[in-house]
Amino acid sequence: MATDTDAAIQALIKQVESLTTEISGIKKHNERLLDEKKDMKRALAADPDAKAKMAAAGFEQINGDWYPKGTQPTHRLTREEARDPQKYRAAKAAAAKAGVQLQIVDPTEPDDTHRRASRSEIDASLKTTLIRDDDQKIAYMRRDVMASDARQYRQLRANGMTVQQWSNADDLPQHMQTKLALMEKSNDA
């Protein structure tokens, strides 16, 4: 009985250690994304003509977001506004009365367009389907392989890797494009 309990405790400890490693990887990934976001904001702020260009294109800025003139959604609150209980309750009631859902927005976040962008064709001429960046704990898996090999994906995630998909070399960061070229060269040898 005691050995079963000890074995269960040891298994639980291993799972906690694995989870801790995975969470630290996610934390690093989130920190990197936050740095990229801040860099984008700085670049936009550095462009003195950015607001003028957007205004000339027929957009207006409301609460940090850009909208085509006259099309701002009516049932939205910024995160700061939503922290005020009276404002939140009033906006929630107005949205319910209009039959729509209240949206809470973060005016500092850039638009999330990466999921709606058209996908490029898969370069099936490449023999390499998986490229690991062990320093960043990121594994780049070709999109067709990711869809067909869930076992490999799960194994990478269990090893604490963040898995990102790619279709052709242009989808990869520059240092991974170089690594892919070297891996393809060694495959041809």
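Residues with amide H under 5 Å of Glu60's amide H, sequence separation 5 or more or different chain, H placed in the peptide plane at 1.01 Å from N; which?
Tyr67, Lys69
Say each of Gln152 and Ala56 gets a label point 7 Å from the Cα, pointing the same way as Cα to Cβ; how far apart are those two points in nm?
According to this spin-label approximation, the distance is 4.8 nm.
In terms of modelled amide H atoms, which long-range or inter-chain residues lie less than 5 Å from the amide H of Thr78?
Val105
For segment 119-168, what is the percent of antiparallel DSSP beta bridges, rounded to the nearest 5?
Given both bridge residues lie in segment 119-168, the antiparallel proportion sits at roughly 45 percent.
Which percent of the accessible heavy-atom area of segment 130-188 goes to carbon and sulfur, probe 1.4 angstrom?
Looking at segment 130-188 in its full context, I get 46 percent from C and S.
In nm, to one decimal, how far is the Ala2 label point from the Lys97 one, both placed 7 Å along Cα→Cβ?
Once both label points are built, they end up 7.0 nm from each other.
For Gln164, list long-range residues whose amide hydrogen, built 1.01 Å from N in the peptide plane, is under 5 Å from its own amide hydrogen.
Amide H to amide H, under 5 Å and 5 or more residues apart or across chains, Gln164 pairs with Ala139, Tyr140, Met141.
What length, rounded to one decimal in nm, is gained on full extension from Asp49 through to Lys185, with 0.36 nm per residue of separation minus their alpha-carbon distance?
This chain segment gains 44.5 nm when fully extended.
Would you please calculate the Kirkwood hydrodynamic radius of segment 130-188 over all C-alpha pairs and express it in Å, rounded to one decimal?
11.7 Å
Return the FRET efficiency for the residue pair Val105, Ser24: r is the Cβ-Cβ distance, R0 is 25 Å, and the value is rounded to the nearest 0.05.
The calculated FRET efficiency here is 0.25.
Under a plain spin-label model, where a point goes 7 Å from the Cα along Cα-to-Cβ, how far apart in nm are Ala11 and Lys87?
The answer from the label model is 5.1 nm.
Mind scanning Lys37/Lys87; Lys28/Lys179; Lys37/Lys127; Lys38/Lys179; Lys87/Lys137 and naming the pairs with a C-alpha gap bigger than 31 Å?
Over 31 Å Cα-Cα: Lys37/Lys127; Lys87/Lys137.
Using a probe radius of 1.4 Å on heavy atoms only, what accessible surface per residue do you get for segment 130-188? Whole Å² is fine.
Per residue, segment 130-188 has 57 Å² of solvent-accessible surface.
How large is the dipole of segment 130-188 about the Cα centre if only Lys and Arg carry +1 and Asp and Glu carry -1, each at its Cβ, rounded to the nearest 20 debye?
Here segment 130-188 has a charge dipole of around 280 debye.
The values are calculated or read from the model by the stated rules, or taken from the named source; none is laboratory data. Predicted model, so just to flag it, every value in this text is computed and none were measured. Cβ: placed from backbone, ideal geometry, glycine included. Neighbour counts: every protein chain shown. Heads up: the accessible areas ignore ligands, DNA and RNA and are worked out on the full protein's heavy atoms, side chains in. Shrake-Rupley method; radii C 1.70, N 1.55, O 1.52, S 1.80 Å.
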